[in-house]
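Accompanying notes for the structure given below.
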Amino acid sequence: MIADNNIYGFIRKMSGLCPAILRSMALLLLLLFSVGVGNVKAVEPYDTIWSNRAVETEEVTREEMHIRFVVAKNKIERWYMNNAETLDSIVRWVDKVSNDEMVEIVSVEFCGAVSPEGSVRFNHWLSVARLTALEKYVRERIEIPEELIVRNDHYIAWNELDSMVENSDMHNKEDILRIVRSENRSTGEQLDSRIGELKKLDNGKTWRILLNTFFREMRNAYMVIVTKKSQYAIMQEYLHAAKPKLDFMPVEEPKPMLSPIVSKVDCASPHYMHVKTNLVGLAMLNANIGVEFDLGNHLSLNLPVSYSALDYFKTTVKFRNFSVQPELRYWPKTNYKGLFVGAHMGFAYYNFAFDGDWRYQDHKGKSPTLGGGLSVGYRLPISRDGCWNMEFAMGAGVYPLHYDRFHNVKDVSDGQLFDTRKKTYIGLDNIYIGISYRIPVVKGRPTRVRIIQDALINK
């Protein structure tokens, strides 16, 4: 009886600890899983039948989408086969995944392939050119971090030909598959030995069937997106899981004390800061620098500053100034490239002389002008990763002026004050040809961590 009572007491004690133990084990498994999945690599693209489909495991999804090319060409033609639909699907899919907090992108792979005809050198160049064309098309429309990009040129897609012949009803497909699955015995720049063997079958009839039926499917480039469940999604699944039901009398359990859980998903999508300079200003001996911050999907704030205290080689020619011109910009594209329009304010101290009879300076050097206007411009990437950009812009505005006129006398720093005037200037106030470098800026959202933590504690 004593032994029985001890066993019964032990069972009752363990029943009270079961919920806490189960939750602790779940959290431990969650952390181990997140570390393991983070090391997942892209699946080799030629180990499956080529199609626009997802190959899924429990936590990892592989989406593969193909576009086709005209023979011997590397230019993307939207009209060719079903390219238009596929290209639009690629952009929509990448944009959706990039903004979905429930998934995390592991890698984005660009691949190129060719059909067997053609020389070794040309076929290799063509496969690289095709994957480059697809990558350029996608990255011009969707921002993809360089660290996620994988590039893979597979030259001749023998595995694809193998799959298509295997699933065909050709009478001699066993002979074809034997050749396709054999090793290439050629060396250097010679044609692949398998090509010659295929051409000999049925006095060239088999080769013509392959050429007209299967080869055009091999002339392609494709993109593979590998994603996984984000830690946020996994945590949500845990929160909605049913509590285990026990037949024992419930014992009040202590609320666990959890440390903050920090993961990649707790951060918003990265925006960028652009550091820039105006080459036109530098040519005019104006030291200038600007910074631009991305505010949202279509808005940015530009803050340029310019300063000069120099004469142009003689006292009668000068363009001295200190100016600030903050500008709010609107970008039709969400990647902050291409065309933009802006609304700006202008603030400036000035001291101008153009080798004539007069020098113009803000009244008593204490009456800077303050106005504003509109501008239009264009940003053009000049590096492959999109970090370096050229920028072109022009703006006009309205500025009230209160200034003094001085006689512009050679070798005299100030000259004689002649009169004071007020007028309103309407015209160009900004000509910009500059270069910029973008720096990623990630804004954290720790509130999500606290929400998850509170939910776990109160569950």
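Viscosity 0.692 mPa s, temperature 37 °C: Stokes-Einstein D of segment 315-382 from its Kirkwood Cα radius, in µm² per second? Rounded, D is 227 µm²/s.
Other residues with beta-carbon under 10 Å from the beta-carbon of ARG78 carry, at +1 per Lys or Arg and -1 per Asp or Glu, a net charge of -3. Plainly put, segment 45-232 has a radius of gyration that is 1.01 times its Kirkwood radius, both from alpha-carbon atoms, as the Rg/Rh ratio. Holding the Cα-Cα limit at 28 Å, pick out from LYS314/LYS364; LYS366/LYS410; LYS75/LYS200 the pairs that are longer than that. Over 28 Å apart, Cα to Cα: LYS75/LYS200.
Our compactness index for segment 335-447, the C-alpha radius of gyration over the empirical 2.2 N^0.38 Å, is 1.52.
Under the simplified labelling scheme, the MET102-ALA283 pair shows an inter-label distance of 5.4 nm, with each label point 7 Å from Cα along Cα→Cβ.
Entry for segment 107-190 at q = 0.12, 0.20, 0.22 Å⁻¹: log10 I(q)/I(0) = -0.50, -0.96, -1.04, Debye formula applied to identical alpha-carbon scatterers, no solvent contribution. Amide H to amide H, with H built 1.01 Å from N, THR315 comes under 5 Å of ASP411, counting only residues 5 or more places away or on other chains. The tail of the calculated P(r) for segment 357-406 beyond 18 Å holds 59 percent of all Cα-Cα pairs. Model label sites at ASP202 and HIS363, defined 7 Å from Cα along the beta-carbon direction, differ in position by 9.5 nm. Rounded to whole numbers, the Karplus 3J(HN,Hα) couplings from phi for segment 287-295 are 5, 8, 8, x, 10, 10, 10, 6, 9 Hz, using 6.51 cos²θ - 1.76 cosθ + 1.60 with θ = phi - 60°, and x at Gly and Pro.
If you plug the beta carbon distance of PHE418 and TYR312 into 1/(1 + (r/R0)^6) with R0 = 25 Å, you get a FRET efficiency near 0.70. Once the Cβ-Cβ distance of ALA84 and THR213 is raised to the sixth power relative to R0 = 22 Å, the FRET efficiency obtained is 0.40.
Rg and Dmax over the alpha-carbon atoms of segment 270-318 stand at 15.1, 50 Å. Close amide H contacts of ASP429 (hydrogens built in the peptide plane, cut-off under 5 Å, sequence separation of 5 or more or a different chain): GLY395, ALA396, GLY397.
Every number in this text was worked out from the coordinates using simple rules, so none of it is lab data. These numbers were taken from a predicted model, which means no experiment stands behind them. Neighbour counts run over all protein chains shown; Cβ positions are idealised from the backbone, glycine included.
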